[in-house]
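The block underneath contains the structure these notes are about, expressed in structure tokens.
The values are calculated or read from the model by the stated rules, or taken from the named source; none is laboratory data. Treat the numbers as computed from the prediction; the structure is a model and nothing was measured. Neighbour counts run over all protein chains shown; Cβ positions are idealised from the backbone, glycine included. Just the protein is used for accessible areas: all its heavy atoms, side chains included, with ligands, DNA and RNA removed. Shrake-Rupley method; radii C 1.70, N 1.55, O 1.52, S 1.80 Å.
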Amino acid sequence: MQSQILKDADSLRKNNESISVMQIADSLFIDRNIKNYSLRLFSNYKVKKFSIRNDDSKLKYVPNNKYGIGFGFASSKVLIDIAFNLKTNKEDVTNRFDAQGTLIAGKNHYVNGFVQTYKGFNIKNDFNEPTEFRSDIRSVTVGFNYLFTLSEIEFSYSLLKAGLAKRNKSVYITGGLGLFGVYDYFSADNDIMPENGELYFDEYAQIKRYNSAAVGVLGGFLSVFMLPKNFIASCNIMPGIALMNKHIEIQDDTYKPLKPMLYKLDYTLALGYNAKRYYLTLIYNDGFYATNLDHGNKYTFNLSKAKLAFGYKLGVNKK
């Protein structure tokens, strides 16, 4: 879901001191111009994967069924897409719930959030053991990013996605500071090590349950570039650093890593083409998070998604 709330509510208050919730919702989310509406078809790619490594070896945990198709609609005020996961691997199925949304409120507030649950991962390694699928490994990740921009966000990112971007300037760039938070969890019935994994990792990497929560600061910039031939490109980057509280359960013990730092980098790349009757958008986003588990073990996870969308505009004359 994507939405951009501008200063419509401020205008309502200037004209009428007493306004209802319904009036605010109507102003902020309902577009009464049919020309601003479009129907959308899209394919997408979403994945949460994580890895554990030491100085000599690395394990990667990657889910199956990473692709989906879907439909949606867009207007100048809101964009809603509904996707259906394609279970191309019928035997080793990853069950998942993956919801993400972005909101730009006013002229200076950029917010996005996500809720992801996965069950079933392939374990890949770099020590020549066969890849193994484990249906008992589960993962939960919940988080948000908030960026307050130092200058006004002149360009609507949701309008780019909806094929309604106005070409008033050739380049839009703004930056700012903000906060982010993340809760991350994974577990297994026994431990997450593959067969013979104990030959390459110590007992502290043989994890049965991992719990963590972090709050930190981030910086970032948002940019849009108007290209020739009705093309539009965008690049957003948000690095951050946080203090993370971690609790780990291994086979016969529990411990809390003493190194509390979490480092992350989010970035989004987008390319759009806007014609009179239709539009195309291609968007790729990746969030990379890294922390230390002590005892020579390091943990990273990636939250990645990509979407290719085709939109057909309603209420636009063919002539």
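Couple of notes before you dig in:
- In the stretch 243-260 there is no residue that is within 17 Å of the chain's Cα centre (by Cα) and either open to solvent by less than 10 Å² (accessible area, probe 1.4 Å) or under 24 Å from residue 101 (Cβ atoms) (or both).
- So residue 281, is it at pLDDT 95 or above and surrounded by 14 or more Cβ atoms within 10 Å (Cβ to Cβ): no
- When 222, 147, 160 are screened for being at pLDDT below 95, assigned to a helix (DSSP H, G or I) and open to solvent by less than 40 Å² (accessible area, probe 1.4 Å), only 160 passes.
- Count of the stretch 44-61 residues which are under 19 Å from residue 201 (Cα atoms), out of contact with any helix residue (DSSP H, G or I) (no Cβ under 8 Å at 6 or more places or on another chain) and surrounded by fewer than 21 Cβ atoms within 10 Å (Cβ to Cβ): 7
- Verdict on residue 69 being over 30 Å from residue 201 (Cβ atoms), at pLDDT 90 or above and either β-branched (Val, Ile, Thr) or touching a Cys at 6+ places or on another chain (Cβ under 9 Å) (or both): yes
- Output for the stretch 116-141, where each listed residue is under 23 Å from residue 213 (Cα atoms) and open to solvent by less than 60 Å² (accessible area, probe 1.4 Å): 116, 117, 118, 120, 121, 136, 137, 139, 140, 141
- The set of residues in the stretch 48-66 that are part of a strand (DSSP E or B) and not basic (Lys, Arg) comprises 50, 51, 52, 59, 61, 62.
- Restricting attention to the stretch 284-319 and to residues that are open to solvent by less than 20 Å² (accessible area, probe 1.4 Å) and within 12 Å of the chain's Cα centre (by Cα), the residue that is nearest to residue 209 (Cα to Cα) turns out to be 303.
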